[in-house]
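The values are calculated or read from the model by the stated rules, or taken from the named source; none is laboratory data. The structure displayed is predicted, hence computed values, not measured ones. In this analysis, Cβ positions are derived from the backbone assuming ideal geometry, glycine residues included, and neighbour counts consider all displayed protein chains.
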Amino acid sequence: MREFLRQILQYVQSVKIAPKNILEMLILAVMIYFLFAWVKRSRAWTLLRGVVVLLVFVVMVHLLELNVLSYIADRTLNILVIALLILFQPELRAALEQIGQGKYVRSILRAGRPRSEALYSPEVVEQIIDATYVMAQNRTGALIVLAREINLAEYIRTGIRLDAVVSSALLINIFEHNTPLHDGAVIMEGQKVTAATCYLPLSQSLTIEKELGTRHRAAIGLSEVTDSWTIVVSEESGQVALARRGELSRNLRPDELRAELMKIEEDFTLPEMVRKGEKNRRRKAAEAEITEGGEKNE
């Protein structure tokens, strides 16, 4: 450890500061800032404080040249990295999934692969809204998950497979009290209700309001690890909320929920340049057909 610290000091003294070094330091500072901001928002903050205390102890042991403790600390550091990966595995997975779910990352990876049809048609949206507000009026708790790009197979497996055509009557009957399917979440994929009684991961965020129960925490938790949207109907208040991207929009009226659900396709559109190119191609093709038709008539 002492040799390692000595090598770092020698390296710092030998470095000549150049413009690229300044750029590297700025990038590193930004990365460290966002790393600490992410850690502080998650439960990793408590674990990190324990790791920092341990590292300070190891440094002090080597500076004071306590040989026995130094020997133990050196052997401990060999497994510390593996231990950290195990301890922070849920947080690291969530962070990588959030990066992969970024709008621009998905646009780049999806370029050239347009969707042939709408995932949730206006008719399906209306069936969902009708069911949602009937249940809200009757104070029937519900969780309706709208799957998008990320596959939800691991959560579908926890429930009962239905593969039924979407209808407001079906959704209302699923969540009716004292029925076999009312407990858990419904997962929808496009025009179908794929499964019911599905278990969702609970959010570990410390910023969620205490008045929100397990149903809301599950909706937020799923939106943190997938790109799905989840409609929540509160059994206690009858209020409707929408969870997406780790955030919860509460007290939505029917027109507000309808407006939000109509935006569910926005992230599936092509990047602007590709979209404009496709639009221009279609316009030119239409003009060419009109021109050819006019020539034939003449």
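Structure notes:
- Out of V186, V193, sole residue that is touching a residue at least 40 places away in the same chain (Cβ under 8 Å) and under 17 Å from Y120 (Cβ atoms): V186
- Search result, residues across segment 59-78 that are at pLDDT below 75 and within 14 Å of E3 (Cα to Cα): D74
- In this structure, R161 does not satisfy being of a type in the set (K, R), modelled with pLDDT under 70 and either over 30 Å from Q239 (Cα atoms) or touching a strand residue (DSSP E or B) at 6+ places or on another chain (Cβ under 6 Å) (or both).
- Options V56, V124, V81, V134: the member that is at pLDDT below 80 and of a type in the set (A, V, I, L, M, F, W, C): V81
- Pairing residues of segment 254-265 that are surrounded by 13 or more Cβ atoms within 10 Å (Cβ to Cβ) with residues that are of a type in the set (D, E), at Cβ distances under 8 Å and at least 6 apart in sequence or on separate chains, gives R258/E126.
- Looking across segment 190-221, the residues that are of a type in the set (A, V, I, L, M, F, W, C) and in contact with a strand residue (DSSP E or B) (Cβ under 6 Å, 6 or more places away or on another chain) come down to V193, A195, A196, C198, L200, A219, I220.
- A147 being of a type in the set (G, A, S), under 14 Å from A195 (Cβ atoms), in the same structural domain as R250 (by TED's automatic domain parsing) and within 26 Å of the chain's Cα centre (by Cα): yes
- If only residues of segment 182-211 that are in contact with a Ser or Thr (Cβ under 9 Å, 6 or more places away or on another chain), among the hydrophobic types (A, V, I, L, M, F, W, C) and assigned to a loop (DSSP other than H, G, I, E, B) are counted, the one that is surrounded by the fewest Cβ atoms within 10 Å (Cβ to Cβ) is L206.
- Within segment 193-243, considering residues that are of a type in the set (K, R) and over 13 Å from I144 (Cβ atoms), the one nearest to the chain's Cα centre (by Cα): R217
- Residues satisfying the stated conditions in segment 159-181, i.e. in a loop (DSSP other than H, G, I, E, B), surrounded by fewer than 16 Cβ atoms within 10 Å (Cβ to Cβ) and free of Cβ contacts under 8 Å to residues at least 24 places away in the same chain: N178, T179, P180
- Applying the criterion of at least 1 residues that are in contact with a His (Cβ under 6 Å, 6 or more places away or on another chain) to the strands (runs of 3 or more DSSP E) found wholly in segment 215-268 leaves 229-233.
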